[in-house]
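J.: Just dropping this structure here.
The values are calculated or read from the model by the stated rules, or taken from the named source; none is laboratory data. Predicted model only: the values in this text are computed from it and were never measured. Glycine gets a Cβ as well: all are built from the backbone with ideal geometry, and neighbour counts include every protein chain shown.
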Amino acid sequence: MALIDEVVDFLKTCPHLAPYKDNPYILLAVDALGITDTQYSIEAAPAAPWVKRYVDGSGIKQFVFAFTSIEPFGEESNLKTMAFYEAFSHWTCIAKPKNPDWIKLETLTGGYLADINESAGAARYQIQCRLVFQAPAPK
């Protein structure tokens, strides 16, 4: 399984996404975010892949990404969205991934408003994240 698939599967276990799990139109995609309604996406961010490299070719790598969403825009919705991102950030600190090679999943920023589509009544929010993991030596 590709790393991105593992990240998607893991993030889907976030209990703060639970209110949306019964809605088939709410999805966690990769590099694909609509313009209205609540949707989530993971978007890779530019970053050096290696944190530490060992002489045998193994080491510590990182995958830096933005967890993004499209949310309704308005004062009440904005407060709920920011509370969601705060809870999501806390969850990344305590969540235990099943993959033993994963060292940590952390947020690099708080959740923040990235863009507003006033005509659609929606806004794009995001939080920068980083997965740090063991990389085996090439075979």
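J.: Can you spot a residue in segment 94-104 that is farther than 23 Å from Lys12 by Cβ, in a loop (DSSP other than H, G, I, E, B) and more than 11 Å from the chain's Cα centre (by Cα)?
T.: no
J.: Output the residues belonging to segment 105-120 that are over 19 Å from Asp9 (Cα atoms) and touching a residue at least 12 places away in the same chain (Cβ under 8 Å).
T.: Of everything in segment 105-120, those that are over 19 Å from Asp9 (Cα atoms) and touching a residue at least 12 places away in the same chain (Cβ under 8 Å) turn out to be Leu108, Thr109, Gly110, Gly111, Tyr112, Leu113, Ala114, Ile116, Asn117, Glu118, Ala120.
J.: Tell me, please, whether a residue that is out of contact with any Lys or Arg (no Cβ under 9 Å at 6 or more places or on another chain), free of Cβ contacts under 8 Å to residues at least 24 places away in the same chain and either loosely packed, with under 12 Cβ neighbours inside 10 Å or not in a strand (DSSP E or B) (or both) can be found in segment 121-138.
T.: For segment 121-138, residues out of contact with any Lys or Arg (no Cβ under 9 Å at 6 or more places or on another chain), free of Cβ contacts under 8 Å to residues at least 24 places away in the same chain and either loosely packed, with under 12 Cβ neighbours inside 10 Å or not in a strand (DSSP E or B) (or both): absent.
J.: A follow-up question, please. Can you find a residue that is among the acidic types (Asp, Glu), in a helix (DSSP H, G or I) and farther than 30 Å from Met1 by Cβ anywhere in segment 70-84?
T.: Yes, segment 70-84 contains a residue that is among the acidic types (Asp, Glu), in a helix (DSSP H, G or I) and farther than 30 Å from Met1 by Cβ.
J.: Same structure, new question: Determine whether Ala114 is loosely packed, with under 15 Cβ neighbours inside 10 Å, closer than 25 Å to Pro46 by Cα and touching a Gly at 6+ places or on another chain (Cβ under 8 Å).
T.: No.
J.: OK, next. Does Glu71 qualify as being of a type in the set (D, E, K, R), without any contact (Cβ under 8 Å) to a residue 60 or more places away in the chain, within 20 Å of Leu33 (Cβ to Cβ) and surrounded by 15 or more Cβ atoms within 10 Å (Cβ to Cβ)?
T.: It is true that Glu71 is of a type in the set (D, E, K, R), without any contact (Cβ under 8 Å) to a residue 60 or more places away in the chain, within 20 Å of Leu33 (Cβ to Cβ) and surrounded by 15 or more Cβ atoms within 10 Å (Cβ to Cβ).
J.: Please specify each residue of segment 25-39 satisfying the condition of being at pLDDT below 65 and under 13 Å from Phe73 (Cα atoms).
T.: Answer for segment 25-39, where residues must be at pLDDT below 65 and under 13 Å from Phe73 (Cα atoms): just Thr36.
J.: Taking the condition of being among the hydroxyl-bearing types (Ser, Thr, Tyr) and in contact with a Ser or Thr (Cβ under 9 Å, 6 or more places away or on another chain), how many residues in segment 110-139 meet it?
T.: The qualifying residues number 1.
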